[in-house]
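What follows is a single structure, written as structure tokens, with notes after it.
The values are calculated or read from the model by the stated rules, or taken from the named source; none is laboratory data. In this text, all values refer to a predicted model and were calculated from it rather than measured experimentally. Reconstructed Cβ throughout: ideal geometry from the backbone, glycine too, with neighbour counts over all protein chains shown.
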Amino acid sequence: MRVLSKLMLAAAMLAGTVAGANAQDKTPVKLGAIEILTGPNSRYGIAIQRGFDLALADINKAGGVLGGRPLALAYEDSAGAKEQALNAARKLIGRDRVPLILGPTLSNEMFAAGPVANERKVPIVGTSTTANGITAIGPYVFRTAMPEADVIPVTLKTAQSKFGIKRVAVMYGNDDAFTKSAYDVMKATLEKLGIQVLTTETFGSKDTDFSAQLTKIKGLNPDAIVLSALVEAASGIALQARQLGIDPKVFIIGGNGLNSPKLGEIAGASADGTIVGSPWFIGKKDPANQAFVTAFREKYGDSPDQFAAQAYDTLFIVAKAIDAAGAPDSEKIKDALIKVKHTGVMGPFSFSESRDPADTSGVVVLTMKGGKFQLLE
Amino acid sequence: MWQTLDDFYWTYQSLIHGIGVNGILALSIYVVLAVGQLSLGQAAFMGVGAYTGALLTVKFGTPFAVSMAAAAAVPALIALVVGGPTLRLTGVYLAIATIGLGEITRIVFLNWDYAGGALGLSGIPEKGGVLAIYGTLAVVLIALILVARSRIGRAMEAMREDEAAAGVMGVNLPRYRMTALVVSSGLAGIAGCLSAHVSSFIGPNEYGFETAVTILSYALLGGIGSPVAPVLGAAILTLLPEVLRPLADFRLMVNGLIIVVAVLFMPRGILPWRIARTG
């Protein structure tokens, strides 16, 4: 009973503190960020948080926004759950009164939180939400993440022109919105490029045994395996494909889920030859990217991934929009965002009419060699 | 003042909805547990209700009342069909059979392209809301309290304590079990439909095994002595993650700790008391 009464007290205290106090000069401009900071998918959210924090330090060192006001971020954890992302969005808008929200991490969460932000006319900017239909939620929903629909065609076209693939087997995780939506793009692109699909096999995102599907694929003798999976499943597939004796020349063409250093760490040499498209690559030679990678390694003792890079750029884009808007006002920021032009670690960036990234020139095709991704030459 | 209240309500709207919906789900598991059965199919029935209601509203534009009625009827009908063979099982065997049912439902939704497949169903119009949710919860709660106070309630309790003895005393066991399963499925379906119409998006993975266990835990934490207990359990378990938000990284740990402590020290639930009898 004591626990209960304490909870009641905590609830009452929470209810009592309704945030007020509008910002004056030199007071920080506080933005909200909803990311997965706990639970099994937290590595995505934490990478994004690190990207934001690094950008935040850079921006504030350079004088902040709106002529000297520091930028601040209020993080809310969604734990990867749709309801919690929704609650977090409502809290940030209703209580913290943030003029803009960054995140959430997953497309599923955006489908829940996006409509709420849109209803209250607060811009919400996804940095890692790549599924179809995200920005169709409404005019206040933006994303800086390159949608699968832009990246996958580049990957497949490159594979066709470089390796002359003609017949492929397709595998995808059919119980996950992210991998299913990437598969839809793959299917359409393969059809357009005139590549023959020998078979389409499915699996569950938590499966660990893929031998049935791979044995069938081995018998069909394809030129390549087109794969839409999260990195854990993808590593398992790469390992088992080689164990079953599928020729190492039959390489894997992956969706965005495979674009993670984890693939090489888990699958090792079995993943060699895998090619993926990526909006960003750690080894890009331009000075902005080199500086970002060095600073990230210095601060966190770990290499950044694409999620950190996208987050890093996004905060600069948002800061530019706030400066252009002249006030931390949702409506003005929304109008300014669509006009922002920024050249960051991912290359040139601007929003299209539909609030997606307009420029796909930053997309690079990577290939795995010795457990590490490098640019496909 | 009014503005503040309005903002407060808006901020916590999803949470307020969640407490109500989970309360109805807790009552749905209570009905099964009250006759001494253990079902882990509540999440599946909730999913069937959510999809039935949402599909009707989105694809056919039916009025909310019709969607609600169908969302209660379809899971109840499924329960009636699968109840025949599965209710011969008791205890863990029934639990395992209902887990199977849940998996089948999930896989059907995953592969059913008309209902969005793995991408789920988005753009469900907002209907019902707080009034419909808490109205339903109140009606169901009062009805179940009345049942618990009646002759039927006594028979249910007798079944829970000792099924053989209850049977010998003339309680029609199969009929009670079947009624309990059908009623609980209908309730879960209604809860699913209500939540689908306030969250604008549903996906097949929301109604899996984890949800089934969460629903069961409402009744475990609250207790099943009276219908009020599981509703309280649901309210606490729904509020906890949000109340603990300031703890940041330790949130899930503390959340789990509180539940473990509660179950250890209050094994019969937070509200173990029984409803006074009449008749």
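Worth pointing out:
- Residue in segment A:43-55 that is over 18 Å from the mean Cα position of the chain (by Cα), without any contact (Cβ under 8 Å) to a residue 24 or more places away in the chain and more than 14 Å from chain B (Cβ to nearest Cβ) present: no
- Options A:T189, A:T179, A:T215: the member that is buried (at least 24 other Cβ atoms within 10 Å of the Cβ), in a helix (DSSP H, G or I) and hydroxyl-bearing (S, T, Y): A:T179
- A:G80 being out of contact with any Phe, Trp or Tyr (no Cβ under 7 Å at 6 or more places or on another chain) and surrounded by fewer than 24 Cβ atoms within 10 Å (Cβ to Cβ): yes
- Scanning segment B:227-244 for any residue that is more than 13 Å from chain A (Cβ to nearest Cβ), in a helix (DSSP H, G or I) and at pLDDT below 90 turns up nothing.
- Segment A:135-168, subset assigned to a loop (DSSP other than H, G, I, E, B) and aliphatic (A, V, I, L, M), residue nearest to the chain's Cα centre (by Cα): A:A145
- Here B:A73 passes the criteria (1) modelled with pLDDT of 95 or more; (2) crowded, with 24+ Cβ neighbours inside 10 Å except the one numbered (2).
- Segment A:162-211, residues that are at pLDDT 90 or above, farther than 25 Å from A:F111 by Cα and within 14 Å of another protein chain (Cβ to nearest Cβ): A:T200, A:E201
- Highlighted here are the helices (runs of 4 or more DSSP H) found entirely within segment B:94-189 that include at least 1 residues which are of a type in the set (S, T, Y), more than 14 Å from chain A (Cβ to nearest Cβ) and surrounded by fewer than 22 Cβ atoms within 10 Å (Cβ to Cβ): B:129-149.
- Residue count for segment A:335-349 under the criterion of being farther than 19 Å from A:G64 by Cα and surrounded by 15 or more Cβ atoms within 10 Å (Cβ to Cβ): the result is 5.
- Of all residues making up segment A:272-300, the number that are over 22 Å from the mean Cα position of the chain (by Cα) and within 21 Å of A:M186 (Cβ to Cβ): 1
- Restricting segment A:90-136 to residues that are on the phi > 0 side of the Ramachandran plot and touching an Asp or Glu at 6+ places or on another chain (Cβ under 8 Å), the residue that is farthest from the other protein chains (Cβ to nearest Cβ): A:G103
- Only residues that are farther than 21 Å from A:I137 by Cβ, within 23 Å of the chain's Cα centre (by Cα) and surrounded by 19 or more Cβ atoms within 10 Å (Cβ to Cβ) were counted in segment A:317-329, giving 2.
- All positions within segment B:216-248 that are without any contact (Cβ under 8 Å) to a residue 24 or more places away in the chain and not charged (D, E, K, R): B:L240, B:P241, B:V243, B:L244, B:P246, B:L247, B:A248
- Candidate set: segment B:190-219, residues that are not in a helix (DSSP H, G or I) and not small (G, A, S); chosen: the one farthest from the other protein chains (Cβ to nearest Cβ): B:I202
- Taken as a whole, the structure places A:K332 among residues that are closer than 25 Å to A:P28 by Cβ, surrounded by 15 or more Cβ atoms within 10 Å (Cβ to Cβ) and of a type in the set (D, E, K, R).
- Where B:W10 falls short, out of the listed (1) more than 18 Å from B:V140 (Cα to Cα); (2) surrounded by 24 or more Cβ atoms within 10 Å (Cβ to Cβ); (3) within 14 Å of another protein chain (Cβ to nearest Cβ): (2)
- Test result for A:G245, over 23 Å from the mean Cα position of the chain (by Cα) and surrounded by fewer than 15 Cβ atoms within 10 Å (Cβ to Cβ): yes
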